[in-house]
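A short worksheet on the structure shown next.
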Amino acid sequence: MNAVFGLQYTLAAKFPLHSGGLLRPARGRRHPSIYRTETQGITGKRVPGKKAKELSDEVSNSNYAGFNVGGSWHPPAITRGEGVHFYDADGNEYLDFSSQPACVNLGHNNRAVIKAIQGQAEKLDYIGASFATDARATYSEKLRTVLPSNLEKYYFGTSGTEANEAAFRMVRSYFAKEGKTKVMSRYNSYHGWAGATGTLTGNARRFALEAGGGMPGVVHVPDPYCYRCPLGLKYPECGVACADYVDYAIKSEGGVGGLILEPVTGASGVVVPPKEYLPKIRKITQENDVFLITDEVMSGWGRTGEWFATQHWAVEPDILTTAKAMTGGHFPLSLTATNKRLAEYYDKNWLPVAGTFSAHPLGMAAGAAAIDEYKRLGLVKKSALMGKHVGKRLAEMKEHHRSIGDVRGLGLFWALELVKNRATKKPFDTPDDYLTGGDTMVHRVAQKMMADGIFIYTGVVSHLIISPPLIITKEQLDTGLDALDEALKVADAETERA
Ligand SMILES: Cc1ncc(COP(=O)(O)O)c(C=O)c1O
């Protein structure tokens with residue numbers, strides 16, 4: 001084990017996490033042409049018409065662009081959505097191949113969810129979270145039918161960030177008297193952009209989120225990222241040493257009360273852990289009396305072929321957080337669900353979490369209708385089934401695209417990791433390229449796809465994320481995959497020859 005842990009120092013030297021990030025001058029920034037969205041840097045189908053350009057200009061001139069450099073943001077103006085498609089102000093149709101950022105799992109404009117929101121708005125538009133409503137009671141009952149069965153008490157918020165901030169507060173407050181106020185997370189992760197969650201986030205976004213100071217008491221640990229093992233090992237001979245490292249880190253740190261992780265990592269590249277990893281992490285956290293928080297903001301709601309990704313490994317977390325596809329993206333809603341131990345504690349102690357829009361009646365109605373729709377359409381099973389087709393086709397693509405370094409996924413949740421050199425795994429771009437608004441290779445591939453009428457989400461830093469609405473047909477999947485196959489030529493052309 002010593003050799004394994006010794007590697008952390010070598011790695012820290014090789015991949016300096018605080019390598020300057022935003023403080024460095026932008027290096028050779030290339031600006032893309034006409035359209036560019038906030039996080040994906042994509043171009044529209046063609047040069048926009050007058051009205052579309054006016055809408056785009058008004059928005060980009062007067063609105064901030066999240067996780068982007070404002071001046072390079074020229075968003076396509078979208079006016080309508082229907083099923084797996086959305087439409088721009090010029091009437092161009094786009095296939096949504098990523099459910100936006102993995103939230104429109106039911107497709108755009110699901111009629112049942114819209115009707116539920118309308119019905120609730122007519123009855124009771126808003127009431128504060130200190131009141132009970134029929135919508136809230138109904139939704140709580142329905143949640144019990146899909147969540148891991150040990151999770152019995154719910155806090156509703158409005159975003160994934162808020163769900164994770166709530167989990168962090170609950171853990172810290174629970175263990176405050178014992179001084180177990182540290183919370184661990186992994187490097188290759190995203191948990192949100194606020195105080196605690198911005199620091200818990202481990203990927204390149206953290207350099208910007210932490211600028212000016214992060215949250216004390218956050219400790220990062222390595223990931224089960226086998227393609228680029230942070231410990232320099234190979235599965236299965238490694239014995240899943242990255243999980244053992246967590247045990248070592250908890251004991252060496254002292255004062256650790258929680259560990260948060262994405263069971264299947266999302267925006268940082270759809271990393272599916274080896275089968276032993278999560279059960280092992282569950283055992284370690286239990287033995288050390290550390291709360292395990294599984295962040296299912298992206299991986300929940302059928303995305304991976306189970307209601308929640310932890311269910312693939314029969315792991316029950318102490319806290320599960322989720323958001324995004326809870327309402328199929330129709331209303332901002334999030335959940336922090338806890339086990340009995342936390343529930344009983346907060347029956348007797350003051351909960352340091354609240355929000356004006358917590359348990360908003362429209363969100364409760366939308367969430368309940370969404371669960372009904374997931375069940376009626378059999379979308380969880382469908383995701384598992386259709387995912388096999390995606391995996392097969394992506395594996396075939398790897399055979400003839402030199403730029404594909406790795407293909408990973410589960411259910412309808414897949415990533416391609418692009419590399420400049422497959423032998424050395426050299427990436428096309430660096431975190432600095434991403435943080436300075438550079439026109440990264442994945443953006444360029446996404447631009448080509450958008451020009452062909454397919455929207456694809458780009459991860460941090462070198463991934464393309466395939467996470468279409470779970471209602472997608474095999475033919476529609478093939479349309480998107482064919483466009484991806486074609487667009488990857490952009491990357492292939494810039495790979496290094498062996
Ligand atoms: C795993 C994960 N956690 C948390 C968040 C933050 O959610 P939100 O953007 O709703 O605040 C995201 C968003 O992409 C996410 O993917």
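Rule-based calculations on the coordinates, nothing more; no lab input. Keep in mind the model is a prediction, meaning the values are calculated, not measured. A quick note on method: Cβ atoms are made from the backbone with ideal geometry, for glycine too, and the neighbour counts reach across all protein chains shown.
Residues with beta-carbon under 12 Å from that of Pro352, excluding Pro352: net charge, scoring Lys, Arg +1 and Asp, Glu -1? Intermediate values should be presented prior to the final figure.
Details: positive: Arg169, Arg172; negative: Glu165.
After counting each charged neighbour, the total is +1.
Show me the ranking of peptides 380-386, 51-57 by mean Cβ neighbours inside 10 Å, starting with the highest.
On the way: 380-386: 19.0, 51-57: 17.0.
Highest-to-lowest ranking by the protection proxy: 380-386, 51-57.
So what is the relative contact order for the stretch 111-376, in percent, with contacts set as C-alpha pairs under 8 Å and at least six apart?
Details: 492 pairs, mean separation 83.0, N = 266.
Relative contact order for the stretch 111-376 comes out at 31 percent.
Which whole-number percent is the relative contact order of the chain (Cα, under 8 Å, 6+ apart)?
Normalised by residue count, the contact order of the chain is 22 percent.
What percent do you get for the relative contact order of the stretch 386-440 when only Cα pairs under 8 Å and 6+ apart count?
Worked out over the stretch 386-440, it gives 24 percent.
Using alpha carbon centroids, what distance separates the stretch 69-125 and the stretch 210-277, in Å?
Distance between centres, Cα-based: 34 Å.
Using just the helices of the chain, give the 222 nm mean residue ellipticity in deg cm²/dmol: DSSP H runs with n ≥ 4 each add -39,500 (n - 2.57), and the total is spread over all residues, rounded to 500. Before the final figure, lay out the partial values.
Values: 16 runs with 186 residues, N = 498.
Only helices count here, giving -11500 deg cm²/dmol.
Could you sort the peptides 121-134, 411-424 by per-residue average Cβ neighbour count (10 Å cutoff), highest mean leading?
Order by mean packing, descending: 411-424, 121-134.
Which distance in nm do the two modelled labels at Asp347 and Ala137 give, with both placed 7 Å along the Cα-to-Cβ direction?
With each label placed 7 Å out from Cα toward Cβ, I get 2.0 nm.
Multiply the residue separation of Lys426 and Lys489 by 0.36 nm, subtract the distance between their alpha-carbon atoms, and state the gained length in nm to one decimal.
Taking 0.36 nm per residue and subtracting the Cα distance, the gain is 20.9 nm.
What shape does the stretch 111-376 take by its C-alpha gyration tensor, where a ≥ b ≥ c are the square roots of the eigenvalues and a/c under 1.5 counts as rounded, a/b above b/c as prolate, and the rest as oblate?
In terms of gyration-tensor shape, prolate.
List the lysines whose Cα lies under 28 Å from the Cα of Lys251, skipping any in the same chain that are fewer than 8 positions away.
Output for Lys251: Lys14, Lys177, Lys180, Lys182, Lys234, Lys275, Lys280, Lys283, Lys340.
Within the stretch 166-182, list the residues whose amide N lies under 16 Å from a label point set 7 Å along Cα→Cβ of Lys153.
166-176, by backbone N distance to the label point.
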